[in-house]
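Trainee: Here it is: the structure, laid out below.
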Amino acid sequence: MKKLFTIFILLVAVFFAGFFFAGGSTAMGPQTLASVKNFINTRANESKTESKPSQSEDGGSFQHIKRFIFLPDAVNERVPAKHFVPISALPNRLVEAIVAVEDERFYSHHGFDLEAIGRATLVNLQYGEVTEGASTITQQLVKNLFLSPEQTLSRKAEELMLSLDFEARYSKNEILSLYLNTIYFGSGYYGIYNASQGYFGKEPSELSLPEAAMLAGLPNAPSLYSPYEDFLMAKKRQFIVLDAMVKNGYIDEKTAESAKIAPIYLAH
C-alpha cells in the first residue's frame, strides 16, 4: 500500500511538473505560487517530524512533490554556496575527463542512457550479479543530493523523474557544475574545490591534465582510489581515465602517454 501511495504521489508530481513546463505557471500569480510553496513546505516539515527514525531522510511525500515543482529551491538548499566553482572556472580537461569516464554520452542523452542500461543489464546477467552500473551524471547528482541508497521501485522511479526534471530545467554545463561541486572525492573532500586544494594545494583552474585525470577517477570509488589511501590504485584509475579520453577523442594517445608518466605531487 505504501508503494502504491508513493507511486501515486510521484504521478501527481509529474503532472504538476508537466503543467508548469507547459506554461501552466502563467495561470497562477506570484501570490498563489507562494501559497502553494508554503503549503508544501509546511507539509514536508510535518512529514519529517512524523517520520520514524528507521525511515530514510527523503522527507516524505510532500518533500518529493516540492522537489519536482520547486526544484531550484530544493537544489539551493542542498548545494553549499561556499567555494562553489562555476563551470567557466574549471579547466576543460577536467570536464572532458569526468564526461569520458563517468558518462560518455552525457551531452546527447536526456537524463538517462538507454544504451548504457542495456549494456549493463547484459553484463550483469552474464555474471549473475551487479558488476556494472548505468547511472548517468545527472542520475548520480540526483542521488547525491536527494535520495537514500535503498534500491526500491519507487526510489528508482523518483530518480528517473528527477533526472528528467533536471535536464529540463538546467543546462548540461549547469548540471556538470552542480555534480562537480557536490560529489565525494575521497579522504573527506566533497566538491572539486576541496579536492583540488586537499590533494594538490591548487585552485581547480590550475589543475594539469594528469591531476585532472586523477581527480576524475575518484568518484567511482573514492575510498579505494584516493591517492592518500593507495597511490598505486589512484594511478591505475588515472590511466583508465586517460584511455577513456583518448577513446572519446578529447586527447590523442601521445598526450595520454605523456600524462601517464608525468610526476604527481600531492599536497601532503
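The values are calculated or read from the model by the stated rules, or taken from the named source; none is laboratory data. Bear in mind that the values here come from a model prediction, so they are computed numbers and not experimental data. With ideal geometry, Cβ positions are generated from the backbone for all residues, glycine too; neighbour counts draw on all protein chains shown. Please note that ligands, DNA and RNA were not included when accessible areas were found on the heavy atoms of the full protein model with its side chains. Shrake-Rupley method; radii C 1.70, N 1.55, O 1.52, S 1.80 Å.
Trainee: Assess whether Glu167 counts as being assigned to a helix (DSSP H, G or I), more than 16 Å from Ala100 (Cα to Cα), open to solvent by 10 Å² or more (accessible area, probe 1.4 Å) and in contact with a helix residue (DSSP H, G or I) (Cβ under 8 Å, 6 or more places away or on another chain).
Mentor: Details: assigned to a helix (DSSP H, G or I): yes; more than 16 Å from Ala100 (Cα to Cα): yes; open to solvent by 10 Å² or more (accessible area, probe 1.4 Å): yes; in contact with a helix residue (DSSP H, G or I) (Cβ under 8 Å, 6 or more places away or on another chain): yes.
Judged against the criteria, Glu167 is a match.
Trainee: Okay, moving on. Applying the selection to region 177-208, what residues are among the hydroxyl-bearing types (Ser, Thr, Tyr) and in a helix (DSSP H, G or I)?
Mentor: Keep residues of region 177-208 that are among the hydroxyl-bearing types (Ser, Thr, Tyr), which gives 177, 179, 182, 184, 187, 189-190, 193, 196, 199, 205, 208.
Passing the criteria: Ser177, Tyr179, Thr182, Tyr193, Ser196, Tyr199, Ser205.
Trainee: All but one of (1) within 17 Å of Pro91 (Cα to Cα); (2) in contact with a strand residue (DSSP E or B) (Cβ under 9 Å, 6 or more places away or on another chain); (3) open to solvent by 50 Å² or more (accessible area, probe 1.4 Å) hold for Glu206, so report the exception by its number.
Mentor: (2)
Trainee: Right, something else. Starting from region 249-260, take each residue that is free of Cβ contacts under 8 Å to residues at least 24 places away in the same chain and list its partners that are among the charged types (D, E, K, R) and part of a helix (DSSP H, G or I), counting only C-beta distances under 8 angstrom and pairs at least six apart or across chains.
Mentor: Ala256/Asp243
Trainee: Looking at region 214-257, which of the residues that are under 15 Å from Tyr190 (Cα atoms) and among the hydrophobic types (A, V, I, L, M, F, W, C) is surrounded by the fewest Cβ atoms within 10 Å (Cβ to Cβ)?
Mentor: My answer is Ala221.
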